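This report concerns only the one structure given below.
What follows draws every value from the coordinates through simple rules; no lab data is involved. The structure displayed is predicted, hence computed values, not measured ones. Cβ atoms come from the backbone with ideal geometry, glycine included; neighbour counts cover every protein chain shown.
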Amino acid sequence: MNVLAFSGSLRQASFNSGLIRAAKELAPEGVRVEQADISAVPLYNGDEDGNNKPAAVAHLAQKIIKADALLFATPEYNYSIPGVLKNAIDWLSRVEGSIFAGKPAAIMGASMGGMGTSRSQYHLRQVLVYLDVHPLNKPEVFVSAAHQKCDESGNLTDEKTREMIAKQLQALKEWHDTLKG
């Protein structure tokens, strides 16, 4: 199973990109996690929304089409989804063929605050449901006090959180198998 993972942060030492790096290490047998690069996706402009999508959007669209499942690691900015992640999703949702439809997905997030991105995850879940993505309900991964659970490079060091991510990836694999079975 190929999982395409999106980090909602472009920061070099992003805690959320660190969650994805941990997911790559913790993926169950038969599961491969690849991180998508959304840094080159331009701001959405409806005037450019025709047959000639920007190259970064077309490249990501092909990766989504080939992916068996999706993984989102989102920070929380002002109680919601970071603009860079929402922008990438907005562009990709306009690619012909409803490329998100039917894909199973898991959502996780890390923040320095006490709620561990719960509000942004719920907003992201609403967006994904509209796109006909099938978000995994449980287990949820809300990483609070991420600055105490990650090193200075954003790499996850907390063993309990690593266990939660491993459980979520196993559940995503099972959810994929259920949906595709």
(request) Please specify each residue of the range 110-165 satisfying the condition of being assigned to a helix (DSSP H, G or I) and touching a Pro at 6+ places or on another chain (Cβ under 6 Å). (result) ARG125, LEU128
(message) With the requirement that a residue be closer than 19 Å to PRO82 by Cβ and of a type in the set (Ser, Thr, Tyr), what does the range 100-153 give you?
(response) SER111, THR117, SER118, SER120, TYR122, TYR130, SER144
(request) Kindly provide the set of residues from the range 127-181 that are more than 17 Å from the chain's Cα centre (by Cα) and within 30 Å of GLY97 (Cβ to Cβ), ordered by number. (result) GLU174, ASP177, THR178, LEU179, LYS180, GLY181
(request) Go through the range 95-109 residue by residue and tally those that are surrounded by fewer than 16 Cβ atoms within 10 Å (Cβ to Cβ) and either of a type outside the set (Asp, Glu) or part of a strand (DSSP E or B) (or both). (result) 4
(request) Could you check, for the range 162-171, whether at least one of its residues is in contact (Cβ under 8 Å) with a residue 60 or more places away in the chain and either within 18 Å of LYS66 (Cβ to Cβ) or of a type in the set (Val, Ile, Thr) (or both)? (result) yes
(request) Sort out for me the helices (runs of 4 or more DSSP H) sitting completely within the range 1-94 that have 1 or more residues that are buried (at least 19 other Cβ atoms within 10 Å of the Cβ) and without any contact (Cβ under 8 Å) to a residue 40 or more places away in the chain. (result) 55-66, 83-92
(request) Hey, can you tell me all the residues within the range 122-173 that are acidic (Asp, Glu), out of contact with any Cys (no Cβ under 8 Å at 6 or more places or on another chain) and farther than 30 Å from ASP90 by Cα? (result) ASP151, GLU152, GLU159, GLU163
